1. Taking the Kirkwood radius as the inverse of the mean 1/r across Cα pairs, report the Rg/Rh of region 63-251.
2. For the residues Ser43, Ser77, what sequence is obtained by ranking on other C-beta atoms within 10 Å, fewest first?
3. Counting Lys +1, Arg +1, Asp -1, Glu -1, what net charge surrounds Val224 among other residues with beta carbon under 9 Å of its beta carbon?
4. What is the antiparallel percent of DSSP beta bridges lying wholly in the chain, to the nearest 5?
5. For the residues His79, His121, what sequence is obtained by ranking on other C-beta atoms within 10 Å, fewest first?
6. For Asp59, Asp15, what ranking results if the residue with the fewest other Cβ atoms within 10 Å of its Cβ goes first?
7. Below 12 angstrom from the Cβ of His75, what's the summed charge of the other residues (Lys, Arg +1; Asp, Glu -1)?
8. Starting from the 7 Å offset along Cα-to-Cβ, what nm value, one decimal, do you get for the label separation of Asp107 and Trp26?
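FYI, it's all coordinate maths here, none of it is from the lab. This structure is a prediction, so every number in the text was calculated from the model and none was measured. Cβ placement follows ideal geometry from the backbone for every residue including glycine, while neighbour counts extend to all protein chains displayed.
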Amino acid sequence: MSRLNLGKINHLVNDWPSGAVYLASWLKKRGVSNQLLDRYKKSEWVDAVGSGAVKRTGDKVNYQGGLYALQTQLHSSIHVGGKSALALQGRAHYLQLGQVKVSLFGDWKERLPQWFQDAWHGEFEYFKTSFLPPLLGLVEYEAMGFTIKISAPARAMMECLYLAPAKQDLQECYELMEGLTQLRPQLVQELLESCTSIKVKRLFLYMGKKSKQPWLEYVNLEKVHLGSGKRNLVPGGVYSPEYQLTLPRELI
């Protein structure tokens, strides 16, 4: 291997965050051709992660390393959300991440690359939706040797409610809301004003009021559009007139 190519790989490996994935397309823009990347694989500098992505040989990578590639190299909005994001931030202590699938959210136009699906098949659920702006309410999370963006608690709670009741239990949502006593009112305001799901906004405010959240008094409800008409969320439930929701009896 030429001195120039050795210099490229040395520079690449030295700057490579531990546990991160790099995309072949991203490396190509930085002077590492597909042919050269194949030579690096044969020399056991890097290993393939599905088709079109690589990791440093010897590194242990998980889905977070894959998200690092999506977010930093493709500028994707795909992120950890819902109760998975709450658990990563210590807001859902009783949830066992090792026993449930990680919830990933992205814009409805964003497809999860095949290499990502192949590498972590069965470890996650991906939800494509645009009920919130793609980047509003995301925060940085320190992973292994890098940072990724995940939902802040307020956005994560709304993502839980978006999945309810079909994929997320409403009672569990309420229990999660009870622990969110320190949400930032300004972010809550922005999220509520930007949210396009009437169901999510009504549930968020209902649960916030029922759990007596202190930040709720700083939210200007006059700026939040709550739509019209009733929302029957569960069969045989009890109707709550304030937010026009039919809910499980235990939540009334």
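1. That ratio equals 0.97.
2. Ser43, Ser77
3. Summing Lys and Arg as +1 and Asp and Glu as -1 gives 0.
4. 65
5. With the sparsest Cβ surroundings first, the list reads His121, His79.
6. Ascending Cβ contact count within 10 Å gives the list Asp15, Asp59.
7. In short, -1.
8. 1.8
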